[in-house]
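What follows is one structure encoded as structure tokens, with my remarks underneath.
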Amino acid sequence: MNLKSIIIAGKEILPLVEGGKGVNVSTGLTSGRWANCGGAGTFSGVNPDFIDENGNSIAPISFKGKNRIERQKELIEYGVKGCLDQARIAHEESKGNGLVFMNVLWEQGGSQELLKSVLEKAKGTIKAISCGAGMPFKLADICSENNVFYNPIVSSVRAFQLLWKRSYSRFKDWLGAVIYEDPWVAGGHNGLSNSDNPNAPEKPIQRLLEIRKFMNEVGLKSVPIIIAGGIWWLSEWLDYMDNEDIGPVGFQFGTRPMVTVESPLADTVKKKLLNVKKGDVKLQRFSPTGLYSSAVRNDFLKELEDQLERQIRFEEVMNFEKGFDVAVELSATGKTVYVNNADKEKLKSFIEKGYNKVMKTPDNTLIFVSEPRYKEIINDMKNCVGCLSACMFSGWSQKEGLNIKPDPRYFCIQKGLQGIAHTSDVEHNWLFAGQIVQRFFLDPFYKGGTFIPTIRQLFDRILTGY
Ligand SMILES: Cc1cc2nc3c(=O)[nH]c(=O)nc-3n(C[C@H](O)[C@H](O)[C@H](O)COP(=O)(O)O)c2cc1C
Ligand code: SF4
């Protein structure tokens, strides 16, 4: 198909972007090969693998630090090393074609420290930083200081307006592109706000028009908008191309490049993705960031869903009047709390089924889990490495004084993502994927879920419009 090139970060490229995918899903190899095809490839700066002196990819990392602060320090050091290695690989693999971006999650632990350190050392390899998940006000500042472009990822004009007014208007020349990520369908974390209905997806057109209108008003007419989320065949997006009201536009693919020869995921993971059917992918709120995210339903996600079903309200003190007179012992402390008489049968059935470990949530509810799951939760909380700036699961917070109560209804996303990136266990880890993942199985290109293309083959296929 006739695809119009766009200018990002001062360079004319094909309007196709590989989205950044942590942990270690989009790498120096995948992003470099994508760039080599003439688009922009984004390697993940979220705990990427680093390369040792023998050229081996190192992960998962073992930590020596005695507490979370020490372990987070190590994590950032490893992260910087990993980013520099992936940047070098991407640069080499691109062979000067296309563009190499790096992705940072603003809410990842120590994101600013990491970014500053990487950009100071990675001169000439990374053209732009794509960054979302939070409000990255300081992104423009840090990037422009290092002569690197920045691509904010937003899901509404409101978010971009805030960023623009408070910060980006002062660093206009370094704005490479605005990435609009559809918060209902994109893989990974999603930017659904409290006023968005998660069950009522909106087509991107309206939000794109609002973003472009604002961009035109503030003199950003020539800066492209990259649409991310739910893109499979470009032939389905013709209304968005050559559309004067939307202006220069590109397309970001996140889920589709996960199934390529270069993707570091194990074959079991690729096979799972190739065979996802309707209903197997879920927009939910289990991530310890507190954000919505889109992930494939596997045994682990089912367990988290089931945990919510095994939930009962409690009171700290016995309250006969309200019926809270059934004593239950908390497994961690042995302390007695009280559930309502009306929930007595429910409680009995949970215990009988082997869910005899009782954990408290910050919402005055109890959840009931099996012994192995209990041990896993306790260990994961204990082994926290502070990968997020604030974690709803372990209660870790980078900001002094902010006291979050741990909540066992969430999970350790660091462990879940490292597990999916580095093992073949596709059922007990966390598999992010966009809602569009179901199309692998339906698209004849993948021959009924049996064909894995190289990035070049995928790129060429996308260029046909299908
Ligand atoms: C496995 C996976 C991990 C992702 N991780 C990140 C991330 O760390 N940071 C980020 O900004 N976006 C992340 N994304 C979002 C992608 O970069 C991309 O915008 C999105 O997947 C596009 O939607 P699609 O999945 O429908 O193609 C991730 C997506 C997936 C599928
Ligand atoms: S518990 Fe896990 S997800 Fe939460 S901050 Fe610690 S390492 Fe990260």
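Taken together, the values in this text are just the output of simple stated rules run on the coordinates, not laboratory data. Worth saying up front: this structure is predicted, and the values here are computed from it rather than measured. Note that each Cβ is placed from the backbone with ideal geometry, even for glycine, and that neighbours are counted across all protein chains shown.
Here are a few things to note about the model shown:
- Taking 7 Å steps out from each Cα toward its Cβ at Asn383 and Leu162 produces label points 3.5 nm apart.
- Inter-label distance for Arg88 and Glu427, nm, one decimal - labels placed 7 Å from Cα along Cα-to-Cβ: 4.0 nm
- Residue exposure sequence - Ser155, Ser167 - by fewest surrounding Cβ within 10 Å: Ser167, Ser155
- DSSP-assigned coil residues among GluC sites (Glu not before Pro) in segment 2-109, each with at most 10 further Cβ atoms within 10 Å: Glu53
- Low-density loop cleavage sites - trypsin sites (Lys or Arg not before Pro) in segment 115-159, where at most 16 other Cβ are within 10 Å (DSSP): Lys123, Lys138
- Within the chain, DSSP assigns beta bridges of which about 50% are antiparallel (rounded to the nearest 5).
- Stretchable slack from Met318 to Ala332, in nm (0.36 nm times residue separation minus alpha-carbon distance): 3.1 nm
- With viscosity 1.002 mPa s and temperature 20 °C, the Kirkwood radius over alpha carbon pairs of the chain converts through Stokes-Einstein to a diffusion coefficient of 93 µm²/s.
- Kirkwood analysis of segment 135-223, using all unique Cα-Cα pairs, places the hydrodynamic radius at 13.7 Å.
- Oblate is the label for segment 19-176. Its Cα gyration tensor axes, ordered a ≥ b ≥ c, give a/c of at least 1.5 and b/c at or above a/b.
- The slack between Glu77 and Ser5, meaning 0.36 nm per residue of separation minus the straight C-alpha distance, is 22.2 nm.
- The residues Met381, Met102, when put in order of fewest to most other Cβ atoms within 10 Å, stand as Met381, Met102.
- Segment 1-40: radius of gyration over Cα atoms, expressed as a fraction of 2.2 N^0.38 Å: 1.25
- If only the Cβ of Lys and Arg carry +1 and only the Cβ of Asp and Glu carry -1, the dipole of the chain around its Cα centre is close to 180 debye.
- Estimated 222 nm signal from helices in the chain, with DSSP H stretches of n ≥ 4 weighted -39500 (n - 2.57), rounded to 500: -9000 deg cm²/dmol
- Three-way shape label, segment 299-422, alpha-carbon gyration tensor, a/c 1.5: oblate
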